[in-house]
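The values are calculated or read from the model by the stated rules, or taken from the named source; none is laboratory data. As the structure is a prediction and not an experimental result, all values here were calculated from the model. Note that we place each Cβ from the backbone using ideal geometry, even for glycine, and neighbour counts take in every protein chain shown.
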Ligand code: TYD
């Protein structure tokens, strides 16, 4: 079996850029790597992603949204992740179950344990082996992705900051709950520094697991 490594964080944390570098780095170390993302990664899940993220779907109920994320996750897991793990590959996945726990469970207020239940049904035994959480203050992350960074902050922006703060709070709760699985990476740094920290965390994880396998 390979390893399922997930990358998590709020908007603008840089996890997608780090994932690309991490994939190159691990290939250089001799691992066979599959890079993928959620929601999406395969055709059916990309279709579900469009429904979830479509700005016209304003009437979408939060539970419907949560179920759609879980459905997209299930299909992606079955079609792409499980075959890769069975082939002994390292799967790097941009977002996974913790995104649902932090966004839908905590920030949207549906409850972390409720969201865990529907996701347990979706993922079965496939919890991540390691999760890198890229931590950044929402204002800094959002400013990074904001094209016109110095425009005036309006009411919606403030609401959105509150939402993203709640997302971050959700992730903090998950770190408490899964201290061994989730490694925190300070994302308020140059991309090179962040990528190096991520590499270090993954190598440390690989070493421990090799040792355990040797026993
Ligand atoms: P995306 O454009 O992929 O964002 P990012 O580059 O930040 O990963 O959009 C995914 C959005 O969906 C993002 O705002 C987080 C959210 N999301 C959830 O709310 N729940 C989930 O389970 C997942 C996977 C994503």
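For the reader, a short list of remarks on this structure follows.
- Count of residues meeting criterion [in contact (Cβ under 8 Å) with a residue 40 or more places away in the chain and either under 21 Å from residue 87 (Cα atoms) or more than 13 Å from the ligand (Cβ to nearest atom) (or both)] in region 8-28: 6
- No other residue among 94, 98 is within 11 Å of the ligand (Cβ to nearest atom) and surrounded by fewer than 23 Cβ atoms within 10 Å (Cβ to Cβ) apart from 94.
- The set of residues in region 29-50 being within 12 Å of the ligand (Cβ to nearest atom) and either within 20 Å of residue 128 (Cβ to Cβ) or without any contact (Cβ under 8 Å) to a residue 24 or more places away in the chain (or both) consists of 36, 37, 38, 39, 40, 41, 45, 46, 49, 50.
- Condition met for residue 184 (modelled with pLDDT under 95 and over 24 Å from residue 77 (Cβ atoms)): no
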